[in-house]
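Take a look at the structure below.
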Amino acid sequence: MNKQNPLSKSGSLLERAAQIYDYVPSKTSGSVPNYGPEILPPEESAEQSVPVLAPREASYDGPRVIVDRDKLREAGFVLPDGPVTALSEEFRIIKRQLLFTAQQPHVRHGERILICSAHPNEGKTFCALNLALSIAAEKDNEVLLVDADFAKPSILSSLGLEGSKGLMDVLADPEISVEDCIIHTDIPGLAILPAGEQTNADTEYLASSRTREVLNRLTSNKPKRIVIFDSPPALSASLASVLATHAGQVMMVVKADKTTETALRDALGLLAGCDNIQLVLNGTKFSPTGRNFGSYYGFGSQS
C-alpha cells in the first residue's frame, strides 16, 4: 500500500489550511479556549458502496459510572444530547471520514484510531474526547476511548471519574484481564480504558506480542466498536511511534499558529508505521467564506 503524504503539496501546511479551511469558533464561557478542529479533505473522492450496519444493540448490561456533565460543560467539550453547536458539527464532519475509512476492507485495523500531536498543549486530548463523545452518539457504533498517555493521563479527570487499573497494568501483568479494566459509562455507547500505572518500560511493553493480543481482544467480539487512543505527543515520547504500528488510522492534531511545519514533518516521520494519516487543524480563528456551523440551528456565534 502506498502511503499518502499529507504534506506532499507545495507550500506550508498552515498556508494550505488557510486556503482550504474556514471556521468560526463557538463561544464558550470562562477561560476555555475556542478549539476549531478541521480535517483535511481527501485529494480525490469517489463513490463507494458502504455496508449497511444493523442498529446498535447494548453489548453491556452491567453497572455504569456517571460522567460529570458539568465538568464537560465547563471544559468546553461536546455534551451528550446537548444542543447543536459549531464544535459538535465540526466533529460530526471529522468522524464521518474516519468511520468511512474504518469500514473499508483493505484498511487493516481501521477501527483503531490514534489521536496524536507533535508537542504537548496542541489539543490532542480535547480532540480525542470530543471525537469519542461524537462517535458514541452513532446508532451503528460504540466507542472505547483508551488513555494511552501513560505519563500524563487526563481522560478520567476530564470526565470526573476516579482512577483504576488500565492498559499498562494489563500489559505488565498477564493475570489482569483487559475486559475487567474497561469502565462503562452512563453515556450510551461510551466506555473508557484508563492508562494504568506508568512503568519504566512502557515502550517495550507496547512493542511486545502481548499488546497485539490485548488489542485484538478489544474488538474480536465487538465488530461495531471503534477504539480511540489518546497518545502522548510524538516528539515528546517514543510511545507514539509504537502505538502507530497498532493503529489503522492516525488523526494528527495541528495547532494553528503554533505547530511548525518542521515539527509536523518530524512527527509524521515517527508515525510512519500507520498508512492512513489525517491532519486536523485545531484552534482556527478565521472564516474567509463565512462558514458558521451551528448557526442554522440557532446556536451559532453572533457578532
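Only the coordinates and a few stated rules stand behind these numbers; no lab work does. Bear in mind that the values here come from a model prediction, so they are computed numbers and not experimental data. We place every Cβ from the backbone using ideal geometry, glycine too, and count neighbours over all the protein chains shown.
What does the C-alpha gyration tensor say about the overall shape of segment 202-262? Classify as rounded when a/c is under 1.5, otherwise prolate if a/b is larger than b/c, or oblate. Judged from the Cα gyration tensor, segment 202-262 comes out oblate (a/c at least 1.5, b/c at or above a/b).
Summing Lys and Arg as +1 and Asp and Glu as -1 over all other residues whose Cβ lies under 9 Å from the Cβ of residue 227 gives a net charge of +1.
Between segment 98-120 and segment 169-183, the alpha-carbon centres lie 23 Å apart. Under the rule a/c < 1.5 gives rounded, and otherwise a/b versus b/c splits prolate from oblate, where does segment 59-185 land using the Cα gyration tensor? It comes out rounded by the Cα gyration axes. Put simply, the amide H of residue 250, placed in the peptide plane, has neighbours under 5 Å in 114, 276, 277, 278, leaving out anything fewer than 5 places away on its chain. Residues whose amide H comes within less than 5 Å of that of residue 146, counting only those at least five positions distant or on another chain, are 193, 228, 229, 230 (H built at 1.01 Å from N in the peptide plane). Using the Karplus relation 6.51 cos²θ - 1.76 cosθ + 1.60 with θ = phi - 60°, the per-residue 3J(HN,Hα) values for segment 243-251 come to 4, 4, 6, 9, 9, x, 9, 10, 10 Hz, with x marking Gly and Pro. The Cα atoms of segment 117-159 cover 34, 17, 14 Å along the three principal axes, with the biggest extent listed first. Comparing 157, 128, 207 along the charge dipole axis of segment 116-217, the residue lying farthest to the positive side is 128, per the Cβ-charge model. For residue 187, the residues whose amide H sits under 5 Å from its own are 67, ignoring neighbours fewer than 5 places away on the same chain, with H placed 1.01 Å from N. The mean sequence distance of close C-alpha pairs (under 8 Å, at least 6 residues apart), as a share of the length of segment 130-189, puts its relative contact order at 34 percent. Per-residue Karplus couplings for segment 210-215, computed as 6.51 cos²θ - 1.76 cosθ + 1.60 with θ equal to phi - 60°, are listed in order as 4, 4, 4, 5, 5, 5 Hz, Gly and Pro entered as x.
Peptide packing for 67-79, 239-251 was compared via the average number of neighbouring C-beta atoms within 10 Å per residue; ordered from the highest value, the list is 239-251, 67-79.
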